[in-house]
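The values are calculated or read from the model by the stated rules, or taken from the named source; none is laboratory data. Everything quoted here is computed from the prediction, not taken from an experiment. Neighbour counts run over all protein chains shown; Cβ positions are idealised from the backbone, glycine included. Note: accessible area is taken over every heavy atom of the protein model, side chains too, but ligands, DNA and RNA are not part of it. Shrake-Rupley method; radii C 1.70, N 1.55, O 1.52, S 1.80 Å.
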Amino acid sequence: MKLHLAQSPNQNVITGYGSGYVLINGQRHEHNLIVTAKTVIPDWPANSESELGESDLALVIELAPQIVLIGSGSRIRFPKPSALKGLIAANVGFEVMDTFAACRTYNILLEEGRNVAAALLLA
């Protein structure tokens, strides 16, 4: 699916997605990644939502977002509570959803000027 956003100059916008990939400003990514308005961290080493650990999300916390969208793949699968401790301790809001919903929500929050990060599991 292609996505179109009214205006987000000089920001990382999710411009499309499909089975096993996400497009950031038209560039295809086929591995787990983290994206913010100014940063893309390709090849995020997280394996799956059930294996997400606090250290996996520590990388997201270092980017200092207000909210983190955790895209859990093709369906909603919640990480273990222990993986979320760092986000809670850092007072960072988070939402778990399937990856495609996280892509759409990321663009909406980005357009609203929110400091958002999306941690996307593609496998």
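Condition first: touching a residue at least 60 places away in the same chain (Cβ under 8 Å) and over 17 Å from residue 87 (Cβ atoms). Now tell me which residues in the range 40-61 satisfy that. The answer is 47, 48. Counting only helices (runs of 4 or more DSSP H) wholly contained in the range 38-123, the ones carrying 2 or more residues that are at pLDDT 95 or above, buried (at least 18 other Cβ atoms within 10 Å of the Cβ) and polar (S, T, N, Q) occupy 99-111. For the range 9-37, a residue qualifies if it is open to solvent by 50 Å² or more (accessible area, probe 1.4 Å) and assigned to a loop (DSSP other than H, G, I, E, B), and the qualifying residues are 9, 10, 11, 19, 25, 26, 30, 31.
Within the range 1-20, residues that are on the phi < 0 side of the Ramachandran plot and modelled with pLDDT under 55 have Cβ atoms under 8 Å from residues that are surrounded by 10 or more Cβ atoms within 10 Å (Cβ to Cβ) and part of a loop (DSSP other than H, G, I, E, B) in these pairs: 3/13; 5/13, counting only partners at least 6 apart in sequence or on another chain.
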